[in-house]
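Heads up: the structure comes next, in structure tokens.
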Amino acid sequence: MTALLRLAALALCAGAAACSNERVVADQPMAAYTRAEVAYAASNRDMRVVIQGNPFGMDAQSFGQLVTDNMQNRVSGVDTHFTTTPNDTARPDYRVVFAFNPAQTMLNSYLCAGQPIRTSPPGGPIVVQGAFCRGGGPLSSATGWLDSPRGPADPDFRQLISDMTFTLFPSAQSDAGCSGPDC
């Protein structure tokens, strides 16, 4: 019976093409989020990336390079260079912040506050909270998970970072499913 259940689960995964070790959930972008502002903040320039935490225990510079390498070319229609060491083309009010394995539950909006975030030591599943910030507030944010990371070269980790970046810079704001007074 167990083999039959496994076969059924595999068939569902193959049919849906949705079985993955990683997943990302986006928050609704803030009302102030616009593609025009994304272009202003990031087009043909460096975009500062702030990384807090390190799920692999590697040196911070190498981990920062790993993350930013997997962020490149993920903002539809905007040519930008994500980096932890931006040059003078970067707009100082804008940045992307990632917190890997925060030690306590926090709102994604806290990422933009510029405060240090306590993170858990390396090992185990990865939780990453991310935000695209203007000044001290988020324009967009998301949370991602990687249940079984296999190390820094893991394709699922690379996909997690890619998906987080794509999610932080949606092509259009959608109000689908919104029925409240703020829609």
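The values are calculated or read from the model by the stated rules, or taken from the named source; none is laboratory data. On a predicted model such as this, the values are computed, not experimentally measured, just so you know. Cβ sites come from the backbone with ideal geometry, for glycine too, and all protein chains shown count toward neighbours.
Checking P55 against (1) at positive phi; (2) surrounded by 13 or more Cβ atoms within 10 Å (Cβ to Cβ); (3) not aliphatic (A, V, I, L, M): exactly one of these is not met. Which one?
(1)
Would you check if F166 is closer than 25 Å to V38 by Cα, buried (at least 20 other Cβ atoms within 10 Å of the Cβ) and aromatic (F, W, Y)?
So F166 does not fit the description; no.
In this structure, is A39 more than 14 Å from the chain's Cα centre (by Cα) and either within 17 Å of P170 (Cα to Cα) or buried (at least 18 other Cβ atoms within 10 Å of the Cβ) (or both)? Give the steps one after another, and end with the answer.
Details: more than 14 Å from the chain's Cα centre (by Cα): yes; either within 17 Å of P170 (Cα to Cα) or buried (at least 18 other Cβ atoms within 10 Å of the Cβ) (or both): yes.
The answer is yes for A39.
Taking the options G151, G136, name whichever one is on the phi > 0 side of the Ramachandran plot and more than 17 Å from the chain's Cα centre (by Cα).
Numbers: G136 fails: on the phi > 0 side of the Ramachandran plot.
Only one candidate passes the filter, namely G151.
Checking V96 against (1) part of a loop (DSSP other than H, G, I, E, B); (2) under 13 Å from the mean Cα position of the chain (by Cα): exactly one of these is not met. Which one?
Unmet condition: (1).
So for segment 80-93 (the condition being assigned to a helix (DSSP H, G or I), within 18 Å of the chain's Cα centre (by Cα) and modelled with pLDDT of 95 or more), does at least one residue qualify?
No - not one qualifying residue is present in segment 80-93.
From the residues in segment 99-115 that are touching a residue at least 12 places away in the same chain (Cβ under 8 Å) and either out of contact with any strand residue (DSSP E or B) (no Cβ under 8 Å at 6 or more places or on another chain) or part of a loop (DSSP other than H, G, I, E, B) (or both), which one is surrounded by the most Cβ atoms within 10 Å (Cβ to Cβ)?
The selected residue is N101.
Taking segment 135-161 as the region of interest, how many residues are within 22 Å of T105 (Cα to Cα), part of a helix (DSSP H, G or I) and free of Cβ contacts under 8 Å to residues at least 60 places away in the same chain?
0
Listed here are the residues, each with its yes/no results for (1) part of a loop (DSSP other than H, G, I, E, B); (2) over 20 Å from N108 (Cα atoms); (3) modelled with pLDDT under 95; (4) among the charged types (D, E, K, R).
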site	(1), (2), (3), (4)
L7	no, yes, yes, no
C19	yes, yes, yes, no
P29	yes, no, yes, no
A39	no, yes, no, no
I51	no, no, no, no
T68	no, no, no, no
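Can you spot a residue in segment 50-65 that is of a type in the set (A, V, I, L, M), in contact (Cβ under 8 Å) with a residue 12 or more places away in the chain and touching a Phe, Trp or Tyr at 6+ places or on another chain (Cβ under 9 Å)?
Yes - at least one qualifying residue is present in segment 50-65.
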